[in-house]
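Please read the structure below before turning to the comments.
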Amino acid sequence: MTSLEIKNINKHYGAVQALHDVSLSINKGEFVTLLGPSGSGKTTVLKILAGFEPVTSGQVLMEGRDVTALPPEKRNFGLVFQGYALFPHMSVYDNIAYPLRVRRQSKAMIDERVLAALDLVQLRKFANRRPQELSGGQQQRVALARALVFKPDVLLLDEPMSALDKQLRHDLQEELREIHRSLGTTFINVTHDQEEAMHMSDRIAIMDHGQIKQYDTAHQLYRRPASRFVAEFVGKSNVFQGEVRGSGSSARFYSASFEMPLADAQTGASTVMIRPEDAEITTTAPNDGRITLPVQVISSTYSGDRALYTLLQSDGADFIAYAPARSGVFPDGTDIFVSFASQDVIALA
Ligand SMILES: Nc1ncnc2c1ncn2[C@@H]1O[C@H](COP(=O)(O)OP(=O)(O)OP(=O)(O)O)[C@@H](O)[C@H]1O
């Protein structure tokens with residue numbers, strides 16, 4: 001069931017066009033992340049959803065109803081925005097109670113809901129503290145409780161974890177996922193952290209220059225990126241430019257370093273990609289039909305279970321590959337071979 005729909009939205013800030021014909025449809029209870037580089041338009045989409053920014057053209061639909069012109073307070077959306085800070089002079093309890101007081105709920109109802117929200121974010125024992133007496137992660141959890149306490153239809157999160165250190169960010173991601181599972185509320189998150197997006201989301205919309213480049217599950221974005229931009233933005237990749245000759249089942253891809261069958265590809269200039277975990281490195285060239293390139297180790301990063309190698313191809317380009325590292329890593333400068341199967345080569349549009 002579609003809960004929220006953005007239809008053909010264009011947004012201009014004066015001469016700047018921040019969004020170009022953006023459409024997105026979000027199911028009830030889904031966790032969707034807008035992921036993209038700085039300035040790609042993520043926050044603008046969120047502000048339009050929240051009702052903080054008018055659209056230049058296009059529509060926002062909530063369960064089929066046009067809410068494009070509805071003011072923020074009539075949308076029943078919870079917000080965790082940067083700069084949407086906690087009230088410093090109020091206790092944690094009063095901060096969380098605030099949206100319910102604004103909605104003129106009874107004292108008994110407020111008490112019940114605030115305590116439940118404090119339990120949800122595991123902060124009941126901090127109810128009487130002021131925000132400045134909490135850590136950054138705890139403050140973010142209070143902001144989350146405040147945004148959820150009035151049971152919003154949709155929760156909008158704008159980089160809620162960007163100010164936190166890595167460990168805290170990881171913990172809060174887990175907590176947020178757990179909260180999402182237990183509530184079933186629709187969550188829309190904005191980030192430029194690709195790992196965060198992949199850990200938490202049912203679907204991810206990849207944005208660039210005010211456009212949605214691809215909207216899909218993390219797995220599809222990683223294994224079936226629609227474009228070079230998406231392939232390089234989501235995870236690590238080795239990209240080869242070349243040309244497809246022939247057509248149908250006999251089409252083949254030719255690059256300067258290798259050629260291979262690429263059935264049903266479009267004839268003409270083409271780009272393909274190999275993920276670093278799909279490549280293998282060996283001291284002798286394998287003789288099993290895999291595509292094999294002679295390379296030299298430029299550097300390696302050892303991480304216990306495996307190593308990430310940066311390799312130099314004969315044409316001067318880099319190739320990155322993961323390899324098991326139980327018996328150590330190849331020293332820099334070693335001449336080796338990298339190989340991969342043609343079925344692991346992904347054609348990009
Ligand atoms: N109030 C404004 N006035 C003029 N231009 C703006 C305004 N707000 C945003 N922009 C421009 O619109 C574009 C999209 O901005 P937006 O904040 O949506 O990007 P973002 O993807 O959220 O970036 P970041 O990750 O840096 O927060 C940018 O080019 C930005 O400079």
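Table for the structure above
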quantity	calculated
Count - residues of segment 113-132 that are in a helix (DSSP H, G or I), surrounded by fewer than 14 Cβ atoms within 10 Å (Cβ to Cβ) and modelled with pLDDT of 95 or more	1
Listing of strands (runs of 3 or more DSSP E) fully contained in segment 13-65 that carry 3 or more residues being out of contact with any helix residue (DSSP H, G or I) (no Cβ under 9 Å at 6 or more places or on another chain)	16-27, 57-62
Hey, residue 47 touching a strand residue (DSSP E or B) at 6+ places or on another chain (Cβ under 7 Å), within 9 Å of the ligand (Cβ to nearest atom), charged (D, E, K, R) and in the same structural domain as residue 197 (by TED's automatic domain parsing) or not	no
Residue match in segment 50-60 (condition: free of Cβ contacts under 8 Å to residues at least 24 places away in the same chain, more than 16 Å from the ligand (Cβ to nearest atom) and surrounded by fewer than 17 Cβ atoms within 10 Å (Cβ to Cβ))	no
Selection count where residues are within 22 Å of residue 309 (Cα to Cα) and either surrounded by 19 or more Cβ atoms within 10 Å (Cβ to Cβ) or within 13 Å of the chain's Cα centre (by Cα) (or both), scope segment 206-225	1
Meets criteria (away from the ligand (no atom under 12 Å from the Cβ) and among the hydrophobic types (A, V, I, L, M, F, W, C)) for residue 97	yes
The lone exception for residue 38 - which of (1) near the ligand (Cβ under 7 Å from one of its atoms); (2) touching a Gly at 6+ places or on another chain (Cβ under 9 Å); (3) among the polar types (S, T, N, Q) it fails	(2)
Selection count where residues are within 16 Å of the ligand (Cβ to nearest atom), closer than 29 Å to residue 167 by Cβ and charged (D, E, K, R), scope segment 196-232	1
Residue 109 vs. criteria in a helix (DSSP H, G or I) and in the same structural domain as residue 135 (by TED's automatic domain parsing)	yes
Residue count, segment 278-333 (criterion: touching a Phe, Trp or Tyr at 6+ places or on another chain (Cβ under 9 Å) and among the basic types (Lys, Arg))	2
Cβ pairs under 7 Å, 6+ apart, first in segment 25-40 and in contact (Cβ under 8 Å) with a residue 24 or more places away in the chain and within 13 Å of residue 215 (Cα to Cα), second within 12 Å of the ligand (Cβ to nearest atom) and in a loop (DSSP other than H, G, I, E, B)	35/192; 36/192
Subset of segment 152-167 that is more than 16 Å from the ligand (Cβ to nearest atom) and surrounded by fewer than 18 Cβ atoms within 10 Å (Cβ to Cβ) - its residue that is nearest to residue 233 (Cα to Cα)	166
Single match in 203, 228, 275 (criterion: on the phi < 0 side of the Ramachandran plot, surrounded by fewer than 18 Cβ atoms within 10 Å (Cβ to Cβ) and not small (Gly, Ala, Ser))	228
Residue in segment 168-176 that is buried (at least 21 other Cβ atoms within 10 Å of the Cβ), of a type in the set (A, V, I, L, M) and over 21 Å from residue 139 (Cα atoms) present	no
Among (1) touching a helix residue (DSSP H, G or I) at 6+ places or on another chain (Cβ under 8 Å); (2) closer than 25 Å to residue 93 by Cβ; (3) in a helix (DSSP H, G or I), the one test that residue 164 misses	(3)
Per-region count, segment 241-258, residues surrounded by fewer than 20 Cβ atoms within 10 Å (Cβ to Cβ), under 12 Å from residue 270 (Cβ atoms) and of a type in the set (Phe, Trp, Tyr)	1
Residue within segment 81-93 that is assigned to a helix (DSSP H, G or I) and at pLDDT below 95 present	no
Of all residues making up segment 10-23, the number that are surrounded by 20 or more Cβ atoms within 10 Å (Cβ to Cβ) and either near the ligand (Cβ under 9 Å from one of its atoms) or more than 11 Å from residue 211 (Cβ to Cβ) (or both)	3
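Rundown of residues vs (1) surrounded by fewer than 12 Cβ atoms within 10 Å (Cβ to Cβ); (2) among the β-branched types (Val, Ile, Thr); (3) modelled with pLDDT of 95 or more, yes/no style:
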| residue | (1), (2), (3) |
| --- | --- |
| 270 | no, no, no |
| 297 | no, yes, yes |
| 303 | yes, no, no |
| 311 | no, no, yes |
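The values are calculated or read from the model by the stated rules, or taken from the named source; none is laboratory data. Predicted model only: the values in this text are computed from it and were never measured. So basically every Cβ, Gly included, is an ideal-geometry build from the backbone, and we count neighbours across all protein chains shown.
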